[in-house]
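One structure below.
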Amino acid sequence: MPTYTLPDLEYDYSALAPYISPQIMELHHSKHHQAYVTGANTALDKLAEARETGNFALVPKLEKDLAFNLGGHVNHSVFWKNMSPDGGGEPTGVLGDAIAETFQGFAAFQKHFTEAANTIQGSGWAILAWDSLGARMNVYQLYDQQSNLPAGQIPLLQLDMWEHAFYLQYFNVKANYVTAWWNVVNWADVAARYDRARTQTAGLL
């Protein structure tokens, strides 16, 4: 049995239209995400083989392969749930209050997150994460699938800024994709992640 499997979506490929096209959703989920799942399982199999044979010459490469592909799997698994056909608007309740306090209001947070997404050099993600050590939220640019994110950060909200996430619909105008994406953000999912992160990590670091 493979260790990692492609998760089912909680909505149809067409559910996020017109903001994200059905064609992009199907390719993104069934092809790109599946490739990361396959890559992570392959790296685990080869690491197991290295342990069995005692040949560890490829361990540095295989560890990098695992980090990259498992990063892609984790990131996309959060990304799908961060979106909903009933999304958009602004967060309310405890999450809304925390964002307003941390970032001096939702509008300031939205501008910060949008700028982080639009200015990524190359491929990567914009992420709102819970910092387990500082007990606060931070916004990050994550390069590729696994680099430039400090340890102890728990993803709350992720936006895929790889070209495969938008190019078929928005071409090279990344800003239009980011603007459209705000209409499908699933704040209920983000709020649930925020609640789990801040309660389950208290005192761990």
- [ ] For residues that are out of contact with any Leu (no Cβ under 7 Å at 6 or more places or on another chain) and small (Gly, Ala, Ser), scanning just region 139-156, find the one that is nearest to residue 199 (Cα to Cα).
- [x] 151
Task: Selected residue (only one of 169, 200 is at pLDDT 95 or above and either touching a helix residue (DSSP H, G or I) at 6+ places or on another chain (Cβ under 9 Å) or under 30 Å from residue 66 (Cβ atoms) (or both)) - done: 169
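Please find, among 201, 119, the residue that is touching a Ser or Thr at 6+ places or on another chain (Cβ under 7 Å) and β-branched (Val, Ile, Thr).
Numbers: 119 fails: touching a Ser or Thr at 6+ places or on another chain (Cβ under 7 Å).
Only one candidate passes the filter, namely 201.
If you go through region 174-190, how many residues are aliphatic (A, V, I, L, M), in a helix (DSSP H, G or I) and buried (at least 18 other Cβ atoms within 10 Å of the Cβ)?
Count: 3.
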Open item on the list: Can you find, within region 22-72, the residue that is nearest to residue 144 (Cα to Cα) among those that are more than 22 Å from the chain's Cα centre (by Cα) and hydrophobic (A, V, I, L, M, F, W, C)?
Closed with: 62
Task: Breaking point among (1) of a type in the set (Asp, Glu); (2) more than 30 Å from residue 195 (Cβ to Cβ); (3) in contact with a helix residue (DSSP H, G or I) (Cβ under 7 Å, 6 or more places away or on another chain), for residue 90 - done: (2)
- [ ] Please verify whether region 99-108 includes one or more residues that are within 17 Å of residue 187 (Cβ to Cβ) and assigned to a loop (DSSP other than H, G, I, E, B).
- [x] yes
Task: Filtered residue count, region 115-135, keeping only those that are touching a strand residue (DSSP E or B) at 6+ places or on another chain (Cβ under 8 Å) and surrounded by 12 or more Cβ atoms within 10 Å (Cβ to Cβ) - done: 13
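Run down 44, 62, 27, 6 and say which single residue is closer than 29 Å to residue 178 by Cα and crowded, with 17+ Cβ neighbours inside 10 Å.
After ruling out the rest, the residue left standing is 6.
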Task: Residue within region 139-162 that is polar (S, T, N, Q), part of a strand (DSSP E or B), without any contact (Cβ under 8 Å) to a residue 40 or more places away in the chain and surrounded by 16 or more Cβ atoms within 10 Å (Cβ to Cβ) present - done: yes
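The values are calculated or read from the model by the stated rules, or taken from the named source; none is laboratory data. Remember, it's a predicted structure, so these values are computed and weren't measured experimentally. When we count neighbours, we look across all protein chains shown, and the Cβ atoms used for this are built from the backbone with ideal geometry, even at glycine.
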